[in-house]
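S.K.: There's a structure below that I have some questions on.
Read-outs: derived from the displayed coordinates by stated rules, not from any lab. Quick caveat, the model's predicted, so the values are computed rather than measured. Note: ideal-geometry Cβ built from the backbone for every residue, glycine included; neighbour counts use all protein chains shown.
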Amino acid sequence: MDILKNIRVVLVEPIFGGNIGSVCRAINNNGITDLAIVAPRPETDWEDARKLACQAKEQFEAIKTFETLADAVADCTVVAGTSARTGFYRDTAYSPKEFAPIGLESAKDHKIALVFGREDKGLFNEELALCTHIIQIPSDALYTSLNLSHAVYVCCYEMYCAAGIFVPSEEKAEEASSDLRERMFEVWREMMVQTEFTHKQKLEHMMMGLRRIFTRGKLTVPDVKILMGLAKQSIWVADQWNKEKTANEHE
């Protein structure tokens, strides 16, 4: 979708090659393909990055590099920098979910950027000054810093969800009618008696429990047919057992 093509993920001086590779996968998971790195470090382990990219090799090969953050976001309108720290202007930060519709509104017609800082020091104040928005990912006080690729994934995931692109699979089987369900319950009633699962005086109580179990979620026609088949087979087995028992008693 074009709106996702307008989202650029920018990594500022990432330390670990493995994180770069993992970011390639994270953004592709969410339909984003524009990845830029600001001032790549000479000691970056690019082989490790390639390995961690796994099947996102095409994304790895398409990484853009820039000397400065200003260059990386020069063609972007909305620029959102991520920060785990609080204080001063960081107190106006948005959560990824809150920012997503704001970013997508601009991404309809313009490039926007999601900016992520160094694994150890994050974004410097002068880099945050280039940002129009600040994103803070909710996390527990026990440990507020996220792995770089995890932080990227969380932000991109919220953008992807807000874009409304994903279509979840739907149940294609027809929902069982009341008549079919009642026929199923009758077979189960007989099965519980034939297998001596319960005594007749407790049968109605057990049936109410069974109804609660089977009506907590939607039952489809195939679901009911399987359950009926199971009960019928149990009745047949119980009948064979009773015949064998009777034959043995008459010997």
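S.K.: Got a sec to turn the phi values of the stretch 212-226 into Karplus ³J(HN,Hα) couplings, 6.51 cos²θ - 1.76 cosθ + 1.60 with θ = phi - 60°, whole Hz, x for Gly and Pro?
M.R.: Taking θ as phi minus 60°, the curve returns 4, 5, 7, 10, 6, x, 6, 9, 8, 4, x, 4, 5, 5, 5 Hz for the stretch 212-226.
S.K.: Sort the stretch 2-163 into rounded, prolate or oblate with this rule: let a ≥ b ≥ c be the square roots of the eigenvalues of the Cα gyration tensor; rounded if a/c is under 1.5, and if a/c is not under 1.5, prolate when a/b is larger than b/c, oblate otherwise. List each step's numbers first, then the result.
M.R.: Values: a/c = 1.38, a/b = 1.17, b/c = 1.18.
Rounded is the answer for the stretch 2-163, as its axis ratio a/c remains below 1.5.
S.K.: Further question: List Phe99, Phe16 from most exposed to least, where exposure is judged by having the fewest other Cβ atoms within 10 Å. Write out the running numbers ahead of the final one.
M.R.: Details: Phe99 23, Phe16 18.
Placing the least packed residue first, the sequence is Phe16, Phe99.
S.K.: Moving on. How large is the charge dipole for the stretch 2-163, taken about the Cα centre, if only the Cβ atoms of Lys, Arg (+1) and Asp, Glu (-1) carry charge, to the nearest 20 debye?
M.R.: Values: 15 positive and 22 negative charges, 51 e Å.
With only Lys, Arg, Asp and Glu charged at Cβ, the dipole is about 240 debye.
S.K.: Return the long-range amide H neighbours of Val78 (sequence gap of 5 or more, or a different chain), with a cut-off of under 5 Å between placed amide H atoms.
M.R.: Distant-sequence amide H within range of Val78: Ala113.
S.K.: Which GluC sites (Glu not before Pro) in the stretch 47-89 sit in a loop by DSSP (not H, G, I, E or B) and have at most 10 other Cβ atoms within 10 Å of their own Cβ?
M.R.: Working: sites: Glu47, Glu58, Glu61, Glu67; in loops: Glu67.
Here the sparse-neighbourhood loop sites are Glu67.
S.K.: Using the charge dipole of the stretch 178-249 (Lys, Arg: +1 at Cβ; Asp, Glu: -1 at Cβ; taken about the Cα centre), state which of Gln194, Met184, Ala247 has its Cα farthest towards the positive end.
M.R.: With unit charges placed on the Cβ atoms, the residue in question is Met184.
S.K.: Over 24 Å between Cα atoms: which of Lys200/Lys232; Lys97/Lys218; Lys200/Lys245; Lys51/Lys108; Lys5/Lys64; Lys57/Lys172 fall into that group?
M.R.: Values: Lys200/Lys232 19 Å; Lys97/Lys218 31 Å; Lys200/Lys245 21 Å; Lys51/Lys108 34 Å; Lys5/Lys64 14 Å; Lys57/Lys172 35 Å.
Among Lys200/Lys232; Lys97/Lys218; Lys200/Lys245; Lys51/Lys108; Lys5/Lys64; Lys57/Lys172, the Cα-Cα distance tops 24 Å for Lys97/Lys218; Lys51/Lys108; Lys57/Lys172.
S.K.: Around Leu123, which amide H atoms from residues at least 5 apart in sequence, or from another chain, sit under 5 Å from its own amide H, with H modelled in the peptide plane?
M.R.: Gly117, Arg118
S.K.: Let me make sure I get this right: for the stretch 161-231, a, b and c are the square roots of the gyration tensor eigenvalues over alpha carbons, sorted descending. Under 1.5 in a/c it's rounded, otherwise prolate if a/b > b/c, else oblate. Which is it? Working shown, then result.
M.R.: Numbers: a/c = 3.62, a/b = 2.55, b/c = 1.42.
Prolate, because a/c is 1.5 or more and a/b exceeds b/c.
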